[in-house]
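These notes are about the structure you will find just below.
The values are calculated or read from the model by the stated rules, or taken from the named source; none is laboratory data. Since the model is a prediction, treat every value here as computed from it, not as a measurement. So basically every Cβ, Gly included, is an ideal-geometry build from the backbone, and we count neighbours across all protein chains shown. When the accessible area is computed, the model is the full protein with side chains, heavy atoms only, and any ligands, DNA or RNA have been set aside. Shrake-Rupley method; radii C 1.70, N 1.55, O 1.52, S 1.80 Å.
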Amino acid sequence: MKNIFFFLFLITVSSCTKHYVATEYKFKEERLNPNLPSDETIVKIIQPYKDSLDKEMNVVLAVSDTILTKSIPESDLGNLMCDLVLKKSKDYCNCQVDFTFLNNGGIRLPNFPKGNITLGKVVELMPFENLIDIMTVNGKTLDTLFNYMAAKGGWQISGARYKIKNEKAFDVFIQGQALDLNKNYTIAVSDYLAQGGDNCTMLSYLPKTILKKSLRDAIIDGLKEMNAKGEHIKSVIDGRVQKLD
Amino acid sequence: MKRKTFIQKSFTAGALLAASSFPYEAFAKGDMRKITILHTNDQHSRIEPFPMDGGKFQGLGGFAQRAVLLNEIRKQEKNVLLLDVGDIWQGTPYFNKYGGELEFKLMSEMKYDASTIGNHDFDVGLDGFVKQLPHASFPFLNCNYDFADTPMEGKIQTHKIFKYDDIKVGVFGIGIELQGLVPKESFGGVRYNDPIANANKMAKHLKYEQDCDLVICLSHIGYKYDEKKVSDMDLAYQSKNIDLILGGHTHTFFTKPEEFANADGAKVLVNQVGWAGIYLGRLDFYFEKKRKGILMPGTPQLISK
Ligand SMILES: [Zn+2]
């Protein structure tokens with residue numbers, strides 16, 4: 001059947017009374033730049049909150065040699081977070097964990113600065129109280145998970161690697177071995193994602209062991225350990241997630 | 001003195017749309033009205049400016065800095081409406097430690113007129129939100145969440161009408177699907193309803209029953225998505241009777257408002273100012289008194305059979 005298109009210029013005469021009609025608008029954005037002065041009233045309200053907060057939050061946890069940046073499909077910042085969560089999850093549960101992953105929305109800062117990393121900075125990076133769940137998941141479910149991460153443009157990961165093309169995952173390796181659909185794996189995952197957050201629904205109904213430690217605890221403890229050993233934060237993009245289109 | 005130069009500078013730098021047709025004469029004669037809409041979204045507890053640590057947004061934002069701007073604008077403009085589009089909370093230790101109290105107090109001090117609710121405003125649960133409400137002197141607006149039988153029942157308004165002399169501005173809010181985004185224990189029994197259908201219902205009420213001259217939707221559903229998910233773009237195309245959609249959630253930095261033709265072929269604007277209070281959005285609307293429709297030729301409408 002043939003479609004016929006008409007352009008109609010409508011003139012609506014809806015009422016006889018006079019109304020105000022928005023005939024014009026002007027737009028601008030006020031950028032809040034570093035040179036703006038501060039309003040004294042607001043500063044006074046903030047001050048007591050700030051004073052007691054700073055005491056807690058200005059503690060230095062570790063030192064970073066470079067500025068780290070959030071990006072997809074892989075980032076030095078995401079790698080650092082996932083590496084620390086994987087390492088500490090194993091310590092907390094005293095068990096083998098094959099890999100961990102993190103949604104991009106779970107990284108709440110665009111950058112992690114060079115130099116001193118304070119507790120406050122880690123709270124900004126990972127403000128949520130999400131606990132770590134340890135789960136045993138079969139290869140088929142993980143195949144769904146990796147494809148989901150691929151469709152999302154690439155989520156951050158540690159203990160595994162994968163490539164993305166046409167929003168699908170391929171060349172999935174876990175602990176250096178190709179993903180085996182008939183095998184079970186142990187993963188560490190934020191309880192937010194484990195419960196289907198960010199529409200990560202393939203894990204929702206599977207059994208999980210909830211650790212009494214949060215992802216933020218893992219990052220804090222991991223950084224403290226590095227610092228105690230005199231190590232600086234060094235994270236690089238190593239090609240663990242590659243997008244081929 | 002420094003303050004003044006900033007304001008003037010940014011005014012000339014700001015985008016001026018369709019300036020050529022601006023009816024200065026009518027404005028001078030007193031037949032015109034001007035309303036200044038100021039807006040923020042996704043403040044994410046960014047109380048202080050981003051620190052000078054080499055980060056992408058270093059030095060930007062800050063509540064005390066925004067308050068200076070607001071005071072300047074209020075000195076110059078008679079009719080100012082200050083709105084927020086939700087996700088006020090979550091992002092700095094201020095929220096983890098004080099549960100959102102400071103954000104609400106400061107927004108009240110800055111005389112916010114209304115806000116809507118973002119997904120992260122559920123992060124301390126419904127009781128946590130209700131607990132902080134006494135610190136907010138402004139209403140929270142939402143018309144597509146059903147709060148019946150929850151602690152928030154009766155504490156959220158669907159809309160509010162603001163009157164400036166003989167101009168009426170109707171403001172309402174819509175929120176994003178919470179299932180799959182917010183932990184179930186945080187949003188409890190709050191039920192999500194179709195944002196577009198409810199927005200159109202509310203806008204029609206405001207425009208025709210309440211006789212509003214300008215209808216503004218505060219939308220925390222997000223500007224647009226790669227995946228199939230309802231967005232401000234969908235809302236703009238399918239809407240009727242909304243003049244301005246102030247958006248949030250996707251942290252999108254618009255360089256200017258996007259103009260869309262709505263379901264009636266009329267113009268609807270969408271704007272969003274990124275996140276963290278890096279920008280204060282400003283739209284100055286000029287109104288002329290005329291017989292509705294007569295002088296306004298409609299936009300071309302595509303009719304297919
Ligand atoms: Zn949001």
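Quick look at the numbers
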item	result
Options A:Glu40, A:Glu24: the member that is more than 7 Å from chain B (Cβ to nearest Cβ) and either modelled with pLDDT of 95 or more or surrounded by 14 or more Cβ atoms within 10 Å (Cβ to Cβ) (or both)	A:Glu40
Odd one out for B:Asn262 among (1) surrounded by fewer than 18 Cβ atoms within 10 Å (Cβ to Cβ); (2) away from chain A (no Cβ under 12 Å)	(1)
Any chance B:Glu101 is within 29 Å of A:Asn199 (Cα to Cα), among the acidic types (Asp, Glu) and open to solvent by 40 Å² or more (accessible area, probe 1.4 Å)	no
Sole exception among (1) away from the ligand (no atom under 16 Å from the Cβ); (2) away from chain A (no Cβ under 13 Å); (3) in contact (Cβ under 8 Å) with a residue 60 or more places away in the chain for B:Gly125, by number	(2)
Single condition A:Arg108 does not satisfy, out of (1) away from chain B (no Cβ under 14 Å); (2) touching a Gly at 6+ places or on another chain (Cβ under 7 Å)	(1)
Residue match in segment B:147-168 (condition: under 22 Å from B:Val80 (Cα atoms), within 13 Å of another protein chain (Cβ to nearest Cβ) and open to solvent by less than 20 Å² (accessible area, probe 1.4 Å))	yes
Boolean, A:Tyr192 is modelled with pLDDT under 95, among the aromatic types (Phe, Trp, Tyr) and farther than 20 Å from A:Leu80 by Cα	no
Meets criteria (over 17 Å from B:Thr158 (Cβ atoms), surrounded by fewer than 23 Cβ atoms within 10 Å (Cβ to Cβ), of a type in the set (A, V, I, L, M) and more than 16 Å from the ligand (Cβ to nearest atom)) for B:Leu106	no
The listed residue being closer than 22 Å to A:Glu30 by Cα and within 16 Å of the ligand (Cβ to nearest atom), out of B:Ile73, B:Ile117, B:Ile88	B:Ile88
Residue in segment B:184-192 that is buried (at least 23 other Cβ atoms within 10 Å of the Cβ), in contact with a Leu (Cβ under 7 Å, 6 or more places away or on another chain) and either among the charged types (D, E, K, R) or more than 14 Å from chain A (Cβ to nearest Cβ) (or both) present	yes
Close pairs from segment B:244-256: first under 25 Å from A:Asp198 (Cβ atoms) and outside any loop (DSSP other than H, G, I, E, B), partner within 12 Å of the ligand (Cβ to nearest atom) and open to solvent by 10 Å² or more (accessible area, probe 1.4 Å), Cβ under 6 Å, at least 6 apart	B:Gly247/B:Tyr223
Among (1) hydrophobic (A, V, I, L, M, F, W, C); (2) touching a Pro at 6+ places or on another chain (Cβ under 6 Å); (3) open to solvent by 20 Å² or more (accessible area, probe 1.4 Å) - the single one A:Val241 does not satisfy	(3)
Test for B:Tyr112: is it part of a helix (DSSP H, G or I), away from the ligand (no atom under 16 Å from the Cβ) and hydroxyl-bearing (Ser, Thr, Tyr)	no
Residue among B:Asp226, B:Asp234 that alone is of a type in the set (Asp, Glu), surrounded by fewer than 22 Cβ atoms within 10 Å (Cβ to Cβ) and at pLDDT below 95	B:Asp226
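Table: residues versus (1) open to solvent by less than 20 Å² (accessible area, probe 1.4 Å); (2) more than 16 Å from the ligand (Cβ to nearest atom); (3) aromatic (Phe, Trp, Tyr); (4) over 22 Å from B:Ala148 (Cα atoms).
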position: B:Asn198; (1), (2), (3), (4): no, yes, no, no
position: B:Lys201; (1), (2), (3), (4): no, yes, no, no
position: B:Lys207; (1), (2), (3), (4): no, yes, no, yes
position: B:Gly222; (1), (2), (3), (4): yes, no, no, yes
position: B:Phe254; (1), (2), (3), (4): yes, yes, yes, yes
position: B:Pro257; (1), (2), (3), (4): yes, yes, no, yes
